[in-house]
1. Can you pull out the helices (runs of 4 or more DSSP H) entirely within the stretch 233-340 that have at least 2 residues that are of a type in the set (Val, Ile, Thr) and either within 27 Å of the chain's Cα centre (by Cα) or surrounded by 13 or more Cβ atoms within 10 Å (Cβ to Cβ) (or both)?
2. Looking at the stretch 213-236 only, could you name the residues that are within 26 Å of Leu174 (Cα to Cα), free of Cβ contacts under 8 Å to residues at least 60 places away in the same chain and touching a strand residue (DSSP E or B) at 6+ places or on another chain (Cβ under 8 Å)?
3. Checking Lys229 against (1) in a loop (DSSP other than H, G, I, E, B); (2) surrounded by fewer than 16 Cβ atoms within 10 Å (Cβ to Cβ), only one condition comes out false. Which one?
4. State the number of residues belonging to the stretch 24-57 that are charged (D, E, K, R), modelled with pLDDT of 75 or more and assigned to a loop (DSSP other than H, G, I, E, B).
5. Collect the residues in the stretch 268-279 that are of a type outside the set (Asp, Glu) and without any contact (Cβ under 8 Å) to a residue 40 or more places away in the chain, keeping them in residue-number order.
6. Yes or no: Ile177 in contact with a strand residue (DSSP E or B) (Cβ under 9 Å, 6 or more places away or on another chain), among the aliphatic types (A, V, I, L, M) and crowded, with 20+ Cβ neighbours inside 10 Å?
7. From the list Phe165, Phe116, Phe139, Phe194, pick out the single residue that is in contact (Cβ under 8 Å) with a residue 40 or more places away in the chain and surrounded by 15 or more Cβ atoms within 10 Å (Cβ to Cβ).
8. From the residues in the stretch 119-129 that are of a type in the set (A, V, I, L, M, F, W, C) and in contact with a helix residue (DSSP H, G or I) (Cβ under 6 Å, 6 or more places away or on another chain), which one is surrounded by the fewest Cβ atoms within 10 Å (Cβ to Cβ)?
Amino acid sequence: MFLSKDSKSPYFQVIYFVNGKRTKISTKTKNRKEAAKFLKSFVPKSKEQPQQEAQLKEKITTIKLNEFYEEYKTFINNTYSEKYFLKAVKPSFAALKKHINDLPLQMITTRIIDQFISASAASSKHSASLYYRTLKAAFNKAIVWNYIQENPFNKIKAPKVPKSFPVFISESELLIILSNTQMQLMKDIFTTAFYTGMRLGELLNMRWNWINFSENIITIKNSSEFYSKNKRERIIPVHPKVSSILQSIYQFGKDQNDLVFFRKKNIKLNEDFVSKQFKKAVREANLNDKIHFHSLRHSFASALVQRGISLYAVKELLGHGNIKTTQIYSHLQKDNLMAAVNLL
């Protein structure tokens, strides 16, 4: 590869060979130094490269929903929690595939998606909302991967889901639930959830190295085996009742890497099992059937807000990524609301 100049052009030319055939390209400059710079940075394309690009383009335009799902599933399993895949991604793709079969991505139009979301909303607005959020994110990734040019969800409004205040329980109701719980392990988990606001997955993955007894704090930690919902570590002060439980368990001697709550050592409890045990106790206590394990987290947040703790402090304790999530508890700031009305 070298520079050359001929009578046909005032500019220096780069002469190079592709599969033995002499080829040239203009440097578009008359200055030899600038031409030399062009030569130094120039990378010739082989004849095979356009063919490879064409093959790639062909693959992109014909990739089907099932193939994309398998690729997206690998991405999700490497970057998000298993729960998100099982509860959101898997059912959302299953519903879409049932509606449109295995279409190529580029044939999935806004009209098709609009019909799918409308049909889903007719059965369940909550399911339609889940499908919309989950699949819109997936199709945004398809754009990043150059499988489609435009997201068919963009021109469709998210289904409106009737909003209701989160269900929470009082301390006295917690005691009733505990009195209807047979296993001490479950009592300890329920109590810890109520006084820390920790998610079930966080509780069941908590190890002793998360707990600092001298500073009386729990640090939600990320590791290769577990990471929090938004991948952020956070600190939760330990309530005296939780401290009593942890001290009682720890006095038998525990390795720092051991799980705090377990039935068999180093085998994580199943989340569905714990949830069902809680629901069983709620029903035996004849309490509101809308109360479920996540209500313990709501109860923690609600108790704080009702005691005048700011929503921003509650946001940090719960580990919410956005204050809008925490604002579902804003209706409990009764004193603030009363003060606002009294200003009229």
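The values are calculated or read from the model by the stated rules, or taken from the named source; none is laboratory data. Bear in mind that the values here come from a model prediction, so they are computed numbers and not experimental data. Ideal geometry is used to build each Cβ from the backbone, glycine not excepted, and the neighbour counts take in all protein chains shown.
1. In the stretch 233-340, the matching helices (runs of 4 or more DSSP H) lie at 240-250, 271-284, 323-326.
2. Listed by number, the residues that qualify are Asn216, Ile217, Ile218, Thr219, Ile235.
3. (2)
4. 2
5. To start, the set of residues in the stretch 268-279 that are of a type outside the set (Asp, Glu) comprises 268-270, 273-279.
Of everything in the stretch 268-279, those that are of a type outside the set (Asp, Glu) and without any contact (Cβ under 8 Å) to a residue 40 or more places away in the chain turn out to be Asn270, Phe273, Lys276, Lys279.
6. Working: in contact with a strand residue (DSSP E or B) (Cβ under 9 Å, 6 or more places away or on another chain): no; among the aliphatic types (A, V, I, L, M): yes; crowded, with 20+ Cβ neighbours inside 10 Å: yes.
Criteria not met by Ile177.
7. Details: Phe165 fails: surrounded by 15 or more Cβ atoms within 10 Å (Cβ to Cβ); Phe116 fails: in contact (Cβ under 8 Å) with a residue 40 or more places away in the chain; Phe139 fails: in contact (Cβ under 8 Å) with a residue 40 or more places away in the chain.
Every option except Phe194 fails the conditions.
8. Ala121
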